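Novice: Next up is a structure, given as structure tokens.
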Amino acid sequence: MRNNKLWLKAACEELGLSLPRHEMGFTDAQLYNDLSKGEYKALWKWMYGQTLTMDSLGKPVIYVDDVIRGIRLIRHGTSTYWD
């Protein structure tokens, strides 16, 4: 995961996302609010098989790089990779 605040801010601005609310990435609630219903559904379909983490309440948190790559793929068709 990139640990560059300038990169993160620029990527979030580019994609119209708010900055991650969790120290490890984007919360499910945040993505639900920031994305259209179709994008939200497509992101979770793309995330199937990807690794994520959980917050202290057991709710999913998607790593920053995965969200950025997934949204770029969904919106712009930008090639990505599985990790």
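Novice: If you go through segment 51-65 one residue at a time, do you hit one that is in contact with a Phe, Trp or Tyr (Cβ under 8 Å, 6 or more places away or on another chain) and assigned to a loop (DSSP other than H, G, I, E, B)?
Specialist: Yes.
Novice: Something else about it: Out of all the residues in segment 53-69, which are hydrophobic (A, V, I, L, M, F, W, C) and either surrounded by 15 or more Cβ atoms within 10 Å (Cβ to Cβ) or more than 12 Å from Thr27 (Cβ to Cβ) (or both)? Steps first, please.
Specialist: So in segment 53-69, the residues hydrophobic (A, V, I, L, M, F, W, C) come out as 54, 57, 61-62, 64, 67-68.
Within segment 53-69, Val61, Ile62, Val64, Val67, Ile68 qualify.
Novice: Related question: So which residues in segment 29-83 are more than 20 Å from Glu14 (Cα to Cα), in contact with a Pro (Cβ under 8 Å, 6 or more places away or on another chain) and either among the polar types (S, T, N, Q) or free of Cβ contacts under 8 Å to residues at least 12 places away in the same chain (or both)?
Specialist: Thr53, Met54
No lab work stands behind these numbers, since they all come straight from the coordinates. In this text the structure is predicted, and so the values were computed from the model without any measurement. Cβ atoms come from the backbone with ideal geometry, glycine included; neighbour counts cover every protein chain shown.
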